[in-house]
Amino acid sequence: MIASYASPAERVWYYAFRIICALVLVFLMLPILVIAPLSFNSDSFLLYPMSGFSLRWYDEFLTSPAWRQAFMNSCIVSPFATLLAMVLGTPAAVGLTRIDFPGKALLTSILISPMVVPVVIVGVATYLVFAPIGLSGSYVGLILVHAALGVPFVVTTVSATLQGFDFNLVRAAASLGANPLTTFFRVTLPLVAPGVISGGLFAFGTSFDEVVVTLFLAGPEQTTLPRQMFAGIRENISPTIAAVATILTILSTLMLITLEWLRRRSERMRGVAH
Amino acid sequence: MEKDNVMSSLTATILTEMHTENSASLKDQLRRAERMKKLRYGALILPLALFLLLTFVWPIAALLKRSVDNPEIVGAFPVTSSLLHNWNGKALPDEATFVAFADELGKTKGTPPLAAAAKRLNMEQPGFRSVMMHSARAMPPETGTSPKDALIAADSRWGEIATWQFLARNASPYTARYLLASVDRKYDEQGNIVAADEDEAIYVDVLVRTFEMSFVVTVCCLLLGFPLAYMMASQPPKIANVIMIFVLLPFWTSILVRVAAWIVLLQSQGLVNQALMAMGIIHEPLQLVFNRVGVYIAMVHILLPFMILPLYSVMKGISPTYVRAAQSLGCPPLRSFWKVYFPQALPGVGAGGLLVFILCMGYYITPALLGSPKEQMASYFVAFYTNQTINWGMAAALSAILFVATLVLYMVYSKLVGSPDVASKAR
């Protein structure tokens with residue numbers, strides 16, 4: 001809304017500012033919008049204009065043993081890593097919000113640090129330590145490190161949810177005669193669940209997109225989807241990459257929608273609580 | 001949750017009985033209950049702490065220790081090393097040292113420890129590998145010859161004090177040579193720290209480049225992110241939420257997808273070049289990828305949401321009344337923005353800027369896929385020394401520098417904003 005008394009300079013700035021913002025948004029969205037159509041291109045160049053419509057690159061993704069293997073591996077590693085991160089991260093977040101002790105700030109920083117330490121360092125370090133004990137080139141090793149990388153997201157989201165958690169609700173439930181178990185499942189869990197699930201989605205997203213640690217730690221049998229894409233982009237970027245990219249983008253859109261839905265849901269429930 | 005009940009009823013009891021005689025024992029009870037609570041909740045944190053200790057903290061500590069480790073000489077010649085440790089360095093070592101060295105050289109002949117030690121010494125003094133190898137071949141000495149004579153016969157250098165000083169210098173279990181090498185320094189033959197040879201002095205450049213590129217990316221992110229965050233904060237929540245989706249969708253899209261997309265967009269026949277040529281701005285396609293430009297574009301794209309999210313969350317809390325007040329008091333728009341609005345947004349700028357800078361310093365795949373060798377940052381060389389040449393010392397030393405830089409900035413960040421809460425903001 002521009003005021004009717006605005007000076008010409010203000011008007012120019014108003015529109016210039018809008019255009020700058022629009023350009024930034026275009027910059028953000030352009031890569032995602034550009035790559036999807038090319039996955040349906042009938043010839044093998046990633047160039048516009050497209051020569052025709054074809055599903056052959058999706059067919060290639062689904063039938064090529066290398067891509068299938070990579071996809072299967074991602075479907076093994078990421079869910080387990082996510083589960084582990086959630087199982088370890090959720091109780092820790094509860095503990096961290098409920099008690100105070102000397103060194104808590106330091107411990108929290110350490111628990112969060114996998115988010116900021118350069119992944120190359122994590123990859124090389126875990127390879128150095130895991131290789132002698134037979135954990136490099138194994139699913140277990142990869143799952144453990146992916147879980148470590150995902151844990152900070154679970155801890156921060158669950159902590160944030162617990163910050164707004166009104167423990168009087170629990171007392172109210174108990175005073176109305178609910179036993180602790182009922183209270184937990186009927187009152188606490190529904191309120192905290194969005195945080196746990198969002199944290200889990202972040203952990204899953206991290207693992208499902210992780211390539212650097214995988215480069216160091218995974219053997220040929222553990223090649224994941226991002227690892228395969230990395231090799232593909234480095235050697236010869238083909239429309240199969242565009243097809244995989246489109247599938248991954250759809251997946252991340254679904255995750256984003258789920259997160260947004262969870263956020264709104266938890267806001268609504270908080271609204272009831274207050 | 002039950003504990004809360006117990007706690008509150010306990011507190012109530014204490015409040016009513018505070019002044020009675022047994023208040024001391026109630027205090028004890030309260031303290032005990034507090035301690036139990038701490039123990040129980042502490043037990044919830046413990047599994048994660050242990051897990052990260054084993055999968056994250058310990059490996060990194062082990063890697064950092066590698067940057068000062070010097071196991072080769074001590075490993076191959078333990079007795080000689082300990083004898084050389086007590087040697088005064090003024091005259092040739094005593095007969096016992098020669099005996100021990102000849103013995104250990106003979107024992108390790110043809111084994112990996114000798115090869116490792118020879119390789120390690122060769123790093124310091126090119127050509128020393130062959131000295132070690134042919135000396136070892138002459139061992140053990142023929143009966144009747146003393147080990148000292150046999151060694152000097154095998155290579156006259158064993159008769160020189162400098163050779164033994166050189167060996168002694170490297171016969172310590174720890175060395176600073178890798179850390180020195182990663183800042184383009186080395187030990188000369190007398191053990192002084194001097195500038196490294198020109199063909200090996202590349203790491204200061206690499207580190208400067210890492211900081212320089214991170215800085216440019218951070219500034220670009222700020223220049224693009226600030227207006228958008230400002231715009232979002234000034235819109236009603238409904239519109240802001242829609243714009244937020246445009247920010248979050250790329251944030252959630254796989255980094256490899258975005259790198260691939262930028263290659264497609266920026267290649268010589270890509271859309272960007274086509275568009276620029278169609279508009280008549282250029283006549284020849286520009287080289288936009290596999291150079292610095294491409295790396296900057298993709299990295300700014302990847303890291304921009306990390307700038308926008310903290311900026312937006314700070315700007316959302318800034319009341320527009322201050323700027324309005326300034327303007328109604330006669331302050332011109334630009335000045336009131338700079339003097340009134342910007343200082344209030346500064347925490348967001350600091351948080352976003354530090355976060356982008358920290359993340360950028362550690363980037364590996366984007367420069368690896370989109371850059372030429374001139375765009376490779378410290379991470380690339382860590383990976384290079386691990387995969388290509390298997391030089392753990394150098395990989396660890398460069399990691400250590402990168403790690404310390406990250407740690408320092410992370411500590412500044414923690415002081416400024418607490419924990420990096422991108423996750424909860426991005427929800």
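The values are calculated or read from the model by the stated rules, or taken from the named source; none is laboratory data. The model shown is predicted, which means the values in this text are computed figures rather than measured ones. FYI the Cβ positions are ideal-geometry reconstructions off the backbone, even for glycines, and counts take in every protein chain you see. Just the protein is used for accessible areas: all its heavy atoms, side chains included, with ligands, DNA and RNA removed. Shrake-Rupley method; radii C 1.70, N 1.55, O 1.52, S 1.80 Å.
Points worth noting:
- Residue in the range A:175-192 that is more than 10 Å from chain B (Cβ to nearest Cβ), surrounded by 19 or more Cβ atoms within 10 Å (Cβ to Cβ) and closer than 30 Å to A:PRO114 by Cα present: yes
- Subset of the range A:92-119 that is more than 7 Å from every other protein chain (Cβ to nearest Cβ) and of a type in the set (D, E, K, R) - its residue that is most open to solvent (accessible area, probe 1.4 Å): A:ASP100
- Scanning the range B:301-327 for residues that are within 13 Å of another protein chain (Cβ to nearest Cβ) and open to solvent by 60 Å² or more (accessible area, probe 1.4 Å) yields a count of 3.
- Some residue of the range B:43-66 being charged (D, E, K, R) and within 18 Å of B:ALA168 (Cβ to Cβ): no
- When B:PRO113, B:PRO71 are checked against the criterion of being surrounded by 15 or more Cβ atoms within 10 Å (Cβ to Cβ), within 14 Å of chain A (Cβ to nearest Cβ) and within 31 Å of the chain's Cα centre (by Cα), B:PRO71 stands alone in meeting it.
- Among the residues of the range A:256-263, not a single one is more than 7 Å from chain B (Cβ to nearest Cβ), within 25 Å of A:ASP59 (Cα to Cα) and touching a residue at least 40 places away in the same chain (Cβ under 8 Å).
- In the range B:129-149, residue farthest from B:GLU104 (Cα to Cα) [restricted to those that are in contact (Cβ under 8 Å) with a residue 40 or more places away in the chain and buried (at least 18 other Cβ atoms within 10 Å of the Cβ)]: B:LYS148
- Enumeration of residues in the range B:330-342 that are exposed (fewer than 12 other Cβ atoms within 10 Å of the Cβ) and either within 30 Å of A:VAL116 (Cβ to Cβ) or in contact with a Ser or Thr (Cβ under 9 Å, 6 or more places away or on another chain) (or both): none
- Test: residue in the range A:37-53 that is at the interface with another protein chain (Cβ under 9 Å from one of its Cβ atoms) and assigned to a helix (DSSP H, G or I): yes
- Failed item, numbered, when A:VAL155 is tested on (1) open to solvent by 10 Å² or more (accessible area, probe 1.4 Å); (2) closer than 23 Å to A:LEU142 by Cβ; (3) facing chain B (nearest Cβ under 8 Å): (1)
- Just one of the listed residues (A:PRO102, A:PRO118, A:PRO114, A:PRO152) is out of contact with any helix residue (DSSP H, G or I) (no Cβ under 9 Å at 6 or more places or on another chain) and closer than 26 Å to B:THR406 by Cβ, namely A:PRO102.
- Qualifying residues in the range B:369-391 (those that are surrounded by 19 or more Cβ atoms within 10 Å (Cβ to Cβ) and farther than 16 Å from B:VAL208 by Cα) - the one nearest to the chain's Cα centre (by Cα): B:ALA383
- Among the residues of the range B:268-300, those identified as among the hydrophobic types (A, V, I, L, M, F, W, C), closer than 18 Å to A:TYR48 by Cα and either open to solvent by 80 Å² or more (accessible area, probe 1.4 Å) or touching a strand residue (DSSP E or B) at 6+ places or on another chain (Cβ under 9 Å) (or both) are B:ALA278, B:MET279.
- Criterion applied to A:GLY164, A:GLY89 was being in contact with a Lys or Arg (Cβ under 7 Å, 6 or more places away or on another chain) and either buried (at least 17 other Cβ atoms within 10 Å of the Cβ) or in contact (Cβ under 8 Å) with a residue 12 or more places away in the chain (or both), and the one residue passing it is A:GLY164.
- Taking the range A:234-247 as the range and being open to solvent by less than 20 Å² (accessible area, probe 1.4 Å), among the hydrophobic types (A, V, I, L, M, F, W, C) and at the interface with another protein chain (Cβ under 10 Å from one of its Cβ atoms) as the test, the residues that pass are A:ILE241, A:ALA242, A:VAL244, A:ALA245.
- Hits in the range B:191-240 (condition: farther than 30 Å from B:LYS374 by Cα, within 14 Å of chain A (Cβ to nearest Cβ) and open to solvent by 50 Å² or more (accessible area, probe 1.4 Å)): B:TYR230, B:SER234, B:PRO236, B:PRO237, B:LYS238, B:ILE239
- Residue match in the range B:347-354 (condition: more than 12 Å from every other protein chain (Cβ to nearest Cβ), open to solvent by 60 Å² or more (accessible area, probe 1.4 Å) and without any contact (Cβ under 8 Å) to a residue 60 or more places away in the chain): no
- Every residue from the range A:64-82 that is touching a helix residue (DSSP H, G or I) at 6+ places or on another chain (Cβ under 8 Å) and either at the interface with chain B (Cβ under 9 Å from one of its Cβ atoms) or without any contact (Cβ under 8 Å) to a residue 60 or more places away in the chain (or both): A:ARG68
- The set of residues in the range B:78-121 that are not in a helix (DSSP H, G or I) and not basic (Lys, Arg) comprises B:ASN86, B:TRP87, B:ASN88, B:GLY89, B:ALA91, B:LEU92, B:PRO93, B:ASP94, B:GLY110, B:THR111.
- Here A:VAL213 passes the criteria (1) open to solvent by less than 10 Å² (accessible area, probe 1.4 Å); (2) more than 9 Å from every other protein chain (Cβ to nearest Cβ); (3) farther than 26 Å from B:VAL289 by Cα except the one numbered (3).
- Just one of the listed residues (B:GLN269, B:GLN274) is assigned to a loop (DSSP other than H, G, I, E, B) and within 12 Å of another protein chain (Cβ to nearest Cβ), and it is B:GLN269.
- Considering (1) assigned to a loop (DSSP other than H, G, I, E, B); (2) within 22 Å of B:ALA383 (Cα to Cα); (3) more than 10 Å from chain B (Cβ to nearest Cβ), the lone condition that A:ALA231 does not fulfil carries the number (1).
- Single residue of the range B:180-190 satisfying the filter (out of contact with any Gly (no Cβ under 9 Å at 6 or more places or on another chain) and surrounded by 12 or more Cβ atoms within 10 Å (Cβ to Cβ)) that is modelled with the lowest pLDDT: B:GLU189
- Close Cβ contacts (under 8 Å, 6 or more residues apart or on different chains) running from residues in the range A:47-63 that are open to solvent by 90 Å² or more (accessible area, probe 1.4 Å) to residues that are assigned to a loop (DSSP other than H, G, I, E, B) comprise A:PHE53/A:PHE40; A:PHE53/A:SER42; A:LEU55/A:PHE40; A:ARG56/A:SER42.
- Residue, surrounded by the most Cβ atoms within 10 Å (Cβ to Cβ), within the range A:123-143, restricted to residues that are hydroxyl-bearing (Ser, Thr, Tyr) and in a helix (DSSP H, G or I): A:THR126
- Residue check for A:PHE27: of a type in the set (A, V, I, L, M, F, W, C) and away from every other protein chain (no Cβ under 11 Å): no
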